1. Scan segment 206-254 for residues that are among the small types (Gly, Ala, Ser), more than 21 Å from Leu280 (Cα to Cα) and in contact (Cβ under 8 Å) with a residue 12 or more places away in the chain and jot them down.
2. Name the single residue, out of those in segment 36-55 being charged (D, E, K, R) and either in contact with a strand residue (DSSP E or B) (Cβ under 7 Å, 6 or more places away or on another chain) or within 11 Å of Leu88 (Cβ to Cβ) (or both), that is surrounded by the fewest Cβ atoms within 10 Å (Cβ to Cβ).
3. When you go through Ala289, Ala266, Ala217, Ala252 one by one, which is the residue that is surrounded by fewer than 19 Cβ atoms within 10 Å (Cβ to Cβ) and under 17 Å from the mean Cα position of the chain (by Cα)?
4. What tally of residues in segment 66-84 results from selecting those that are over 14 Å from Thr120 (Cα atoms) and of a type in the set (Gly, Ala, Ser)?
5. Could you say which residue among Thr49, Thr71, Thr13 is polar (S, T, N, Q) and touching a residue at least 40 places away in the same chain (Cβ under 8 Å)?
6. Filter segment 299-335 down to the residues that are part of a loop (DSSP other than H, G, I, E, B) and of a type in the set (Asp, Glu), then identify the one that is surrounded by the most Cβ atoms within 10 Å (Cβ to Cβ).
7. Say we look at segment 162-183 and pick out the residues that are in a loop (DSSP other than H, G, I, E, B) and in contact with a Leu (Cβ under 8 Å, 6 or more places away or on another chain); which of these is nearest to Asp203 (Cα to Cα)?
Amino acid sequence: MTIPPQQRRLYGTLLKQHPDERDLLLTKADLLRAVRDWLHRTGYTEAATPILCASRESAPIPQFSTSHPVTGESFHLKHSAEEHLRRLVVSVDRVYDLGKAIRAERADDSHAIEFTMLQTAARDVTLADGVTLVTELVQYTIQTAFGTLRTPGGTDFSTIATRTVDDAIAEALHRTRAPAGAELVTAARSWLREHRLPAGESDWAVMEDFVKHAVEAAVTTPVVLHGFPYELRHNSRIDGRSGRAQRFSLIADGVEICDGGLKLRAADDYRPMVETNIALRTRLHDVPADEGPLDFLADIDCDPADVFTFGLGIERLVALCTGRTVFETLTFPFH
């Protein structure tokens, strides 16, 4: 059923007049309760992180910025809670934030500017054990909220398979083995060009677009992709034996609903990436260079550890489970 935007703007009236929309709101609430229940049962502590951040995050992305109307202080709106949680996990073994994220993205059926994000951090958890945690969380949440793992939207979460990104890339390129390094980036750029899709300027942007359109779009049943190429390492540690990033992504019906991995340990590990990302922000988005997240770097050096983090988009999961769009699952979609 298509509901005109002017009706969706009157959100309370919409829920009153359309029982299905009210049921969707209640389903989302059930799912959120199930997420929190699983996290508490598994030893995670909830910790709210700030929306207004004094420092930019280290990712190569633009953030919404604002200033205090009285003091003139500058702030950046939270893109992710990960760096604040990494600071907390120095002292508390497992922490999570379940709140708003605000991103400078173009809104579409699977993206929103403001949405609900679960972000976690846990000490002394391997990538394999972390993937198990994510799988258990998703299955418990869906079973609790819907009473079944075969969701109303048609996705069956009874089995969540695992697959290496190399295998998925090789399949997308119709090769027996995935290329690596510069050869992989060249092949990815060519694939995007052949399919008349735009390719970013940086190797990172090219690989992001390639994985989204060539790899993720081909996924039908729930799959955890792991072992990412070096170009898509983000802030994940590199496995010394395979040369692959200890990062994972949970995909279902062509949509990424969860991403994370085993993170870099100490400030010296992060600094080269942070400097590269600051330069990318300046070149690609005209964001002035800064000193980087100094408090974050100081805190993680207090007690370096193996830390597994993951982020889960709540509206994306609700949309996937109900056969709706992300926009339709937003509470007050027009704010």
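None of the figures in this text is laboratory data; all of them are computed from the coordinates on show. Since the model is a prediction, treat every value here as computed from it, not as a measurement. Here Cβ is always computed from backbone atoms with ideal geometry, including for glycine, and neighbour counts include all displayed protein chains.
1. Passing the criteria: Ala214, Ala217, Ala218, Gly227, Ser242, Gly243, Ser249, Ala252, Gly254.
2. Of the residues in segment 36-55, the ones charged (D, E, K, R) are 36-37, 41, 46.
Right, trim to either in contact with a strand residue (DSSP E or B) (Cβ under 7 Å, 6 or more places away or on another chain) or within 11 Å of Leu88 (Cβ to Cβ) (or both) and you get 36, 46.
Values: Arg36: 16, Glu46: 12.
Across segment 36-55, the extreme among qualifying residues is Glu46.
3. Result of the check over Ala289, Ala266, Ala217, Ala252: Ala217.
4. 3
5. On the way: Thr71 fails: touching a residue at least 40 places away in the same chain (Cβ under 8 Å); Thr13 fails: touching a residue at least 40 places away in the same chain (Cβ under 8 Å).
Criteria check complete, one pass: Thr49.
6. Asp306
7. Pro179
Let's see how each residue does on (1) small (Gly, Ala, Ser); (2) touching a helix residue (DSSP H, G or I) at 6+ places or on another chain (Cβ under 8 Å); (3) without any contact (Cβ under 8 Å) to a residue 12 or more places away in the chain:
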| residue | (1), (2), (3) |
| --- | --- |
| Leu294 | no, no, no |
| Leu297 | no, yes, no |
| Gly311 | yes, yes, no |
| Ile314 | no, yes, no |
| Ala319 | yes, yes, no |
| Thr331 | no, yes, no |
